[in-house]
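What follows is one structure encoded as structure tokens, with my remarks underneath.
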Amino acid sequence: MQNKSFTIRNRLGLHARAAAQLVQAANKFDSEIALVKDDVEVNGKSIMGILLLAAPQGTDISVTVTGADEEQAMKIITELIEDGFGED
Amino acid sequence: MGKINVATDTYLVGMGVSPGIAIGKVNLIDQRPLVDQSLINGSEVDAEISRFQQAIDQAREQLQKIKKTVSKQPHLREHLYILDTHLLILEDEMLVEGTKKEIRALVNVEGALTRVLEKLRALFDSIDDEYLRERRSDVDAVGDRLLRILMGVSERNIDKIGSSSIVVAHDLSPAETIQMDRSHVLGFITGKGGRTSHTAILARSLDIPAVVGLESITAMVVDGMTAIVDGFSGVVILKPSEKTLQEYLIHKQSYDCLEQDLEQYRDLPSITKDQVHIPLRGNLEISSDVIQIKKHAAEGIGLYRTEFLYLGRSAPPDEEEQFQSYCEILKQAEGDPVTIRTLDIGGDKFVPELNLDDEANPAMGLRAIRFSLHEEQLFKIQLRAILRASSCGRVRILFPMISGVAEIRACKKMLGDIQAQLDKEGISYDPDLAIGIMIETPSAVMIAPLLAKEVDFFSVGTNDLIQYFLAVDRGNEHVAYLYDPLHPAILRALKMTCDAANEAGIEVCICGEMAGEPLYALVLVGLGFHELSMNPACVPRVKRVLRQVSKQDGATLVKQLLLLSTSKEVSTIIEAEMRRRLPAIFAQPPIQ
């Protein structure tokens, strides 16, 4: 299991475009991916879950990845979030 | 929903957000279908689930087809993610598994899906962030697509718009707008929306006439009804009579013909016959409008509304982000001046302890400069960003809704403090940054000579000025008829403002809708305005008029107008005068 904390830094937060990128990336892996914000946990492969997590800019979230390809999955997710979803 | 009976020649006035005239047949983007909810037997569960699965497959095919079409249009590529979002929602476990679970609880698939959608809607409604909350519309759009497939109702007719259509809808989502075949769309009318709504922005960038904010429009029209959209004045005419139609057709023809002739003015300077240079600048509603400013060769930006930086987010933009946004626009202005107006709305959503929702009269409440002076911290961030940006181009700063001298002094004091701070930090800015105020309250007009001593320029916002002067809420359909730019009181107010500025030797600019109306160009120059700032698409038309008149003639005309008692008399004289001087342009009497 891999666990990592992030601060959402792109301007619009985990909005539709960013959420779509995240889910598309997550779905390429077999591992289970969970996002947690303030004790609310959602499935990282569900766009609705991520949108409902309502994480605007500045939100702290943590990501947990569990499964055979967890290392690679965490790497890709980290890049996406830290890169601000290529927004700027 | 009941239909309102519409008589021949029904005139409606909304907000014209994209100029031009369109005459066509209404294509009503209809409301969502009524769902047939019923209970099922246990033996029917499997069949319902498989119906659901088939509907998902079909919806996926539809979306992929749309995506393919959209991706062929380079200017829409950046919107493709909306369709990706829809595809992901379609496969989402909350939607899919949730619906299957309801079906197993013995509800038919339509009923099951509707229940799930309602639950999701409630979840989205509880999100604090306005922008994220609005994503609900994407879930609704997918739900709607599935329901239509299940019920055998044809798709919301967005991708099947007939040719020569005037698209009418209560609201159009970005997803819907990009799916339209725009070679068929002549004009837009929506019930909701403002200048920065998606429909408005898209219509402007495509040069399609649009009128928004006509609240009950969808209840008034049916498919195939003839409609005229005048994106200049915001007028919509439903079921025009043969006479009106003929008038507008001629109007449109001469307009189209003049339109072709306009191109030659693009690169000519904006100079009157008596050699007075009147810069014509563009109003910037949202950053993408800068393309329009270049396209129509406006001389810089006379009004940069910074509100859009603050909308659709839960935290205000920080100094660095604002600085970057301002510099980006300055870079694109390529040395032309850019007038940046500080926040002109109430920003209470960024100040949790301040609840302005129940202000009885928000137009006279804590907004614009009052809000900024009340929330010093927020204001300082914006001032710092603007000052810093002044080192990347020609910035002028503009304070909105000033009603007295004390307010502008307070603003100047804050600016001075920040300048001192920047000096200390060794950060560069333009020390000669021009400072101006909006003249839009009656008190500012009355004390214009006192205000003129405090600032480098005035900018008259006619839309608000007219509302405050005539005590008319333009959005109130019962009194909107009183909203009148040619009211003798307004002419006097403009004259007083210009006189005060000219006596003090400061610049005076006009940046409301009046500035973009070619018919008023001569009057405005005659009043003494030095520059006009407008929707960039209006620049070539106003320039064509200005190059054929003289400031002296304008001053003579204004003298004559100030002797008249009613706006009817004023408009009659202006129209006759402009027709006499420029028959090719004003041959057709504007249709009232």
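The values are calculated or read from the model by the stated rules, or taken from the named source; none is laboratory data. Only a predicted model underlies this, so the values are computations on that prediction, with no experimental measurement involved. Backbone-built Cβ (ideal geometry, glycine too); neighbour counts: all protein chains shown. Note: accessible area is taken over every heavy atom of the protein model, side chains too, but ligands, DNA and RNA are not part of it. Shrake-Rupley method; radii C 1.70, N 1.55, O 1.52, S 1.80 Å.
General observations
- Antiparallel bridge percentage (DSSP; both residues within the protein assembly as shown; nearest 5): 45 percent
- Quarter of the Cα convex hull surface for the range B:201-357, i.e. its orientation-mean projected area (nm²): 14.0 nm²
- Phi-derived couplings, Karplus 6.51 cos²θ - 1.76 cosθ + 1.60 at θ = phi - 60°, listed residue by residue for the range B:17-28: 10, 8, x, x, 10, 10, 10, x, 9, 5, 10, 7 Hz, with x used for Gly and Pro.
- For the residues of A:53-66, the average number of beta carbons from a partner chain within 10 Å of their own beta carbon is 3.
- Around the amide H of B:VAL479, modelled in the peptide plane, lies no amide H under 5 Å away from a residue 5 or more places distant or on another chain.
- Surface share of carbon and sulfur [accessible, 1.4 angstrom probe, percent] for the protein assembly as shown: 51 percent
- Mean shadow area of the range B:42-150, taken as a quarter of the surface of its Cα convex hull (nm²): 7.0 nm²
- Placing R0 at 56 angstrom, the Cβ-Cβ distance between B:LYS101 and B:ALA555 gives a FRET efficiency of 0.15 after rounding to 0.05.
- Here the range B:32-64 is scanned for amide nitrogen atoms under 17 Å from the site 7 Å beyond the Cα of B:SER137 along Cα-to-Cβ, giving B:32.
- With contributions of -39500 (n - 2.57) from each DSSP H run of at least four residues, the per-residue ellipticity at 222 nm computed over the protein assembly as shown stands at -13500 deg cm²/dmol.
- Accessible area that becomes buried as A packs against B, both chains, 1.4 Å probe, Å², nearest 100: 1900 Å²
- The string of couplings for the range B:53-66 from the Karplus curve (6.51, -1.76, 1.60, θ = phi - 60°) is 4, 5, 5, 4, 4, 5, 5, 4, 4, 4, 5, 5, 5, 4 Hz, one whole number per residue in order, with x for Gly and Pro.
- Neighbouring Cβ atoms from other chains, within 10 Å of the Cβ of residues in B:81-92, number 6 on average.
- Projected-area average for the protein assembly as shown over all orientations - Cα convex hull basis, square nanometres: 32.5 nm²
- Shown in residue order for the range B:461-469 are the 3J(HN,Hα) couplings computed by the Karplus curve 6.51 cos²θ - 1.76 cosθ + 1.60 at θ = phi - 60°: x, 5, 4, 6, 4, 5, 4, 6, 5 Hz (x for Gly and Pro).
- Cut-off under 5 Å, modelled amide H: who pairs with B:ILE439 long-range: B:SER459, B:VAL460, B:GLY461
- Accessible area of the protein assembly as shown divided out per residue, in Å², using a probe of 1.4 angstrom: 43 Å²
- Stokes-Einstein diffusion coefficient of chain B, Kirkwood radius over Cα pairs, 4 °C, 1.567 mPa s, in µm²/s: 49 µm²/s
- Once you divide the Cα radius of gyration of the range B:266-581 by 2.2 N^0.38 Å, the number left is 0.99.
- Across peptide A:18-24, the mean count of Cβ atoms from other chains lying within 10 Å of each residue's own Cβ comes to 4.
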